[in-house]
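Each remark here refers to the structure printed beneath this line.
The values are calculated or read from the model by the stated rules, or taken from the named source; none is laboratory data. Predicted, not measured: the structure shown is a model, and the values here were computed from it. Using ideal geometry, Cβ is built from the backbone for each residue, glycine included, and neighbour counts are taken over all protein chains shown.
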Amino acid sequence: MTSRLLAISDLHVGHPQNRELIAGIPAGEDGDWLLVAGDVAENFADIEWALSVLAGRYERVIWVPGNHELWSRRADPVAARGVQRYELLVQMCQGLGVITPEDRYPVWASPEGPVTIAPLFVGYDYSFRPDGALTKDDGLAIAYESGIVCSDEVHLYPDPYPSREAWCWARVAATEQRLAAELDPALPVVLVNHYPLVREPTRIMRYPQFAQWCGTDRTADWHIRFRAAAVVYGHLHIPRVTWHDGVRFEEVSVGYPREWQARAERFGLTRAPGLPWPVIPAEDHAPAPPGVPEGLRL
Ligand SMILES: [Fe+2]
Ligand SMILES: [Fe+2]
């Protein structure tokens, strides 16, 4: 059996049906690696449970945080906020042998040669603004007026940064430096991030005003600059493949139960819900059918 690079995101195992899906995920073969592109859950204990299940089933698991892991809510006994919470998550991953954006970029031995995997944590900065908004405040005003506002505004603290965008910009600057310094230019690289690195995949969202919580313009050329063989992301809950400048972008979200159930009903069970997507070797993906179900509470 040829070893595979697989990917999944937006497991949201706080939902019992999603927890069941992840509990039933088949074990990989020797040499299979699994990328987990964020939104495993909100509660620390649920995140740890899911990552430990996955770490027991794949040779290597590589995780990047989504916005949900970074929420600090009263229901979670782990009360840390912002950077401190992220550091606790990284520590927990290290205890499980799971690779994070803080580790050296690992190299996966694909059947066709080595591939660098770069797990990224770069956040969003409200630069994917809705039409008519010139500033972050304009964008937020449009969102609040329509009632479509990301729960991050309540639960995702940037401490000790003054704002979520300041945290994002610091991460972008540090990550850019690392990618430039550490990537071997001779090897293909797979970039993994919770948010799409380019804005285009957000254009089909049902609520365009939600895009401001979905990434940053500052990563728009990373797939070219860092010679990506593929980009893996989640967050939008619109699993599909798109191509940008000849680079394959794969959204690998499971999403909420009502989303994956609706998908299965509308399009038939072409693949079992909760089954990781093959990134390498790639499957022949058909273009997304028109009217593909879109995410709402991302
Ligand atoms: Fe999600
Ligand atoms: Fe998300």
When the range 5-33 is checked residue by residue, the ones that are charged (D, E, K, R) and surrounded by 18 or more Cβ atoms within 10 Å (Cβ to Cβ) are Asp10, Arg19, Asp32
Quick one: which of Glu265, Glu259, Glu250 is within 16 Å of ligand 2 (Cβ to nearest atom) and more than 16 Å from the chain's Cα centre (by Cα)? Glu259
Can you pull out the residues in the range 134-148 that are assigned to a loop (DSSP other than H, G, I, E, B) and in contact (Cβ under 8 Å) with a residue 40 or more places away in the chain? Ile148
Across the range 165-196, which residue is nearest to ligand 1 (Cβ to nearest atom) among those that are crowded, with 16+ Cβ neighbours inside 10 Å and either small (Gly, Ala, Ser) or more than 19 Å from Glu102 (Cα to Cα) (or both)? Pro196
Give the range 219-246 a look and list any residue that's away from ligand 2 (no atom under 16 Å from the Cβ) and among the aromatic types (Phe, Trp, Tyr), or say none. Trp222, Phe226, Trp243
Enumerated strands (runs of 3 or more DSSP E) restricted to the range 176-245, each holding at least 1 residues that are among the small types (Gly, Ala, Ser) and in contact (Cβ under 8 Å) with a residue 40 or more places away in the chain: 228-233
Sole miss for His237 among (1) touching a helix residue (DSSP H, G or I) at 6+ places or on another chain (Cβ under 9 Å); (2) on the phi < 0 side of the Ramachandran plot; (3) of a type outside the set (D, E, K, R) is condition (2)
Of those in the range 235-263 that are of a type in the set (Val, Ile, Thr) and surrounded by fewer than 22 Cβ atoms within 10 Å (Cβ to Cβ), the residue nearest to Leu120 (Cα to Cα) is Val247
Just need a number here: residues in the range 1-56 that are in contact with a strand residue (DSSP E or B) (Cβ under 9 Å, 6 or more places away or on another chain) and among the acidic types (Asp, Glu). 4
Hey, Ser110 at pLDDT below 95 and either buried (at least 17 other Cβ atoms within 10 Å of the Cβ) or in contact with a Phe, Trp or Tyr (Cβ under 8 Å, 6 or more places away or on another chain) (or both) or not: yes
The residue that is farthest from ligand 1 (Cβ to nearest atom), considering only those in the range 59-86 that are closer than 30 Å to Ser3 by Cβ and touching a Pro at 6+ places or on another chain (Cβ under 9 Å), is Arg60
Picked from the range 1-14 (must be at pLDDT 95 or above and either assigned to a loop (DSSP other than H, G, I, E, B) or over 19 Å from the mean Cα position of the chain (by Cα) (or both)), the residue farthest from Pro276 (Cα to Cα) is Gly14
Criterion violated by Ala230 - all others in (1) surrounded by 16 or more Cβ atoms within 10 Å (Cβ to Cβ); (2) over 23 Å from His68 (Cβ atoms); (3) at pLDDT below 95 satisfied: (3)
